[in-house]
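Below is one structure, written out as structure tokens; comments come after it.
The values are calculated or read from the model by the stated rules, or taken from the named source; none is laboratory data. What you see is a predicted model; the values in this text were computed from it and never measured. Counting neighbours? That spans all protein chains shown, and the Cβs are built from the backbone with ideal geometry, glycine included.
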Amino acid sequence: RPTIVWFRQDLRLQDNPALAAAVARSGAVVPVFILDDAAEGRWPLGGAARWWLHHSLAALDESLRERGSRLVLARGESGTVLRELIKTTGADAVYWSRRYEPAVIARDKDLKTGLGVEAKSFNAALLFEPHTVQTKAGGPFQVFTPFWKHCLSLKVEEPVRLSLRTLPAPETWPRSLVLPELALLPKIAWDAGFTKVWEPGEAGAQKRLKQFIASAMEDYGEQRNRPDVDGTSALSPYLHFGDLGPRQVWAAVKASAKGSGIFPPSRGAQVFLSEVGWREFAHHLLFHFPHTPEAPLRTEFGAFPWRTDSKQLRAWQKGQTGYPIVDAGMRQLWMTGWMHNRVRMIVASFLVKHLRISWQAGADWFWDTLVDADLASNTLGWQWTAGCGADAAPYFRIFNPMLQGAKFDPDGAYVRRWVPELAKLPAEFIHCPWEAPLHALAAAGVVLGRDYPQPIVDHGAARAAALDALKSLKQTS
Ligand code: FAD
């Protein structure tokens, strides 16, 4: 009898244990994707992620069709859709890959016992699943270094191979929506820039992985903080949607050692894998502290005197703060659905410290605009920046956007690219245009306040106010 393979965030054929196990049962395989926004709790997919999902589903369907199969698309409550599919296909098993968001875990638990057929889940998304890793005392880790050290003492599984050229199809295919009926693409065409940068899907992921390993991995340790160069892998959306699995990343890095037996093959590779480790850590924290997408892990931060200022929040979202490195990041995000990690830290710090607007407001905006929006990594990133998470940067450490810009974008190439109105400013003023003499601004064709905003807050005053706010928090707690 057929097996339903319920695709979720594992949109690939290779290294997909649920699919491999279904094939091994030797009956027909019915691949299905269900769009079920209500099951995501407070976190239904944001706009940019929906764009990614659309294209990734198209790629998956194409790969399945090359193997004589197809992707059945449905929309609605997952349990209801699955029960209906079990009835129409006569399937006696449903297989899927595990997810770790609290609302999804609760829903999946119900389905495990509630479908009336064999329901089995597999690990496709992580190297070390949260329930398999614990401290000596038996609890969850809250500091990255010991977490990762412990993980590195464990075995990483090899990717699961799918060697069949044809997937066994059911006699008749159940009814399916066509992809446009899922309405995943944005109504306002803000995705033109995405198409230029991304190739969602399994093939695009493999290309990017190979390219990164061949050209950037060795220097990753030195280059990873430079937004002006292609120094990182840009694999995050692929890893989020499972176009690529971390076991595949691990195996590819290992294979790049080419029989030297040295693993990791370079310092760059070691640092890169430890960043993949941060993704593991983020999932570990989300699993063990499921309230953290909404509330700070360090509870005293619940009383932080955040400001509500819709005008300044809007300026931040639109890349109009008057701080070039912040604006470049926010515009890169808007145009491409992605932002370099260093700049994510800078813009997030600016929001929660210079503007004292809550990290949740920032996390919400990222959620809607990132193609790699991921509940675990986004929560960790924001709580790290706001100083209220596990192993976080302390709140009193306030990034200076001018110094950050000068250090990590020394010639201003990143700012010039995303804030073209400043493109002609000399490097010495590119991160602080308000300090440029009038003749330099005139030569660059910039009038501050007309072509590019004056800073919306003064750095020194904002810094002092942030430290005062922290002091007031300490006094109340
Ligand atoms: P690389 O440097 O090539 O790293 C390889 C992989 O490791 C990444 O693809 C990613 O999966 C993982 N990784 C790297 N750094 C981190 C990190 N700090 N935390 C968790 N995983 C990491 N990442 C997301 O995937 N989704 C998010 O929603 C997200 N939100 C963030 C919000 C804030 C405020 C901050 C500071 C960081 C956030 N990150 C998020 C983490 C990080 O910025 C991105 O994973 C990284 O920039 C992706 O680029 P890359 O693939 O080139 O990374």
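Here PHE122, PHE147 are screened, and the one residue that is more than 21 Å from ASN16 (Cα to Cα) and of a type in the set (Phe, Trp, Tyr) is PHE147.
Would you check which residues across segment 348-389 are of a type in the set (A, V, I, L, M), part of a helix (DSSP H, G or I), closer than 20 Å to GLU40 by Cα and in contact with a Gly (Cβ under 9 Å, 6 or more places away or on another chain) and list them?
ALA363, LEU380, listed by residue number.
Within segment 307-327, the presence of at least one residue that is in contact with a strand residue (DSSP E or B) (Cβ under 9 Å, 6 or more places away or on another chain), more than 30 Å from LYS207 (Cβ to Cβ) and within 16 Å of the ligand (Cβ to nearest atom) is confirmed.
For TYR395, the conditions (1) within 30 Å of PRO296 (Cβ to Cβ); (2) within 16 Å of the ligand (Cβ to nearest atom); (3) modelled with pLDDT of 95 or more; (4) over 21 Å from the mean Cα position of the chain (by Cα) are fulfilled apart from (3).
Residue-wise test of (1) surrounded by fewer than 19 Cβ atoms within 10 Å (Cβ to Cβ); (2) under 22 Å from LEU370 (Cβ atoms); (3) touching a residue at least 40 places away in the same chain (Cβ under 8 Å); (4) polar (S, T, N, Q).
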| position | (1), (2), (3), (4) |
| --- | --- |
| SER215 | yes, no, no, yes |
| GLU218 | yes, no, yes, no |
| VAL249 | no, yes, yes, no |
| VAL253 | no, no, yes, no |
| GLY261 | yes, no, no, no |
| HIS283 | no, yes, yes, no |
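I'd like to check which helices (runs of 4 or more DSSP H) are fully inside segment 192-268 and have at least 2 residues that are under 24 Å from ALA124 (Cα atoms).
Where helices (runs of 4 or more DSSP H) fall fully within segment 192-268 and carry at least 2 residues being under 24 Å from ALA124 (Cα atoms), they are 202-215, 236-241, 246-255.
Yes/no matrix, rows are residues, columns are (1) among the β-branched types (Val, Ile, Thr); (2) within 12 Å of the ligand (Cβ to nearest atom); (3) outside the structural domain of ALA303 (by TED's automatic domain parsing):
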site: ASP391; (1), (2), (3): no, yes, no
site: GLY405; (1), (2), (3): no, no, no
site: VAL415; (1), (2), (3): yes, no, no
site: LEU422; (1), (2), (3): no, no, no
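The residue list ALA91, ALA59, ALA119 contains one member that is surrounded by 14 or more Cβ atoms within 10 Å (Cβ to Cβ), in a helix (DSSP H, G or I) and at pLDDT 95 or above, which is ALA59.
For every residue, the table says whether it meets (1) surrounded by 18 or more Cβ atoms within 10 Å (Cβ to Cβ); (2) out of contact with any Pro (no Cβ under 7 Å at 6 or more places or on another chain).
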residue: ALA303; (1), (2): no, yes
residue: LEU313; (1), (2): yes, yes
residue: VAL326; (1), (2): yes, no
residue: ARG331; (1), (2): yes, yes
residue: PHE350; (1), (2): yes, no
residue: LYS353; (1), (2): yes, yes
residue: ARG356; (1), (2): yes, yes
residue: ALA361; (1), (2): yes, yes
residue: TRP367; (1), (2): yes, yes
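On the stretch given as segment 94-106, residues that are crowded, with 20+ Cβ neighbours inside 10 Å and more than 28 Å from GLU275 (Cα to Cα) total 2.
Quick check on this structure: which one of PHE241, PHE281 is within 10 Å of the ligand (Cβ to nearest atom) and not small (Gly, Ala, Ser)? Full working, then the answer.
Values: PHE241 fails: within 10 Å of the ligand (Cβ to nearest atom).
Only one candidate passes the filter, namely PHE281.
For GLY362, the requirement of being more than 9 Å from the ligand (Cβ to nearest atom) and either over 14 Å from ALA282 (Cβ atoms) or aliphatic (A, V, I, L, M) (or both) is not met. Checking ARG70, ARG107, ARG75, ARG83 one by one, the residue that is touching a Ser or Thr at 6+ places or on another chain (Cβ under 9 Å), at pLDDT 95 or above and farther than 26 Å from ARG165 by Cα is ARG107 and no other.
Among the listed residues MET345, MET339, which satisfies the condition of being within 11 Å of the ligand (Cβ to nearest atom) and assigned to a loop (DSSP other than H, G, I, E, B)? Steps first, please.
Working: MET345 fails: assigned to a loop (DSSP other than H, G, I, E, B).
One residue alone meets the criteria, MET339.
Quick one: is THR172 among the hydroxyl-bearing types (Ser, Thr, Tyr), more than 16 Å from the ligand (Cβ to nearest atom) and either in contact (Cβ under 8 Å) with a residue 12 or more places away in the chain or surrounded by 19 or more Cβ atoms within 10 Å (Cβ to Cβ) (or both)? Spelling it out, it is not the case that THR172 is among the hydroxyl-bearing types (Ser, Thr, Tyr), more than 16 Å from the ligand (Cβ to nearest atom) and either in contact (Cβ under 8 Å) with a residue 12 or more places away in the chain or surrounded by 19 or more Cβ atoms within 10 Å (Cβ to Cβ) (or both).
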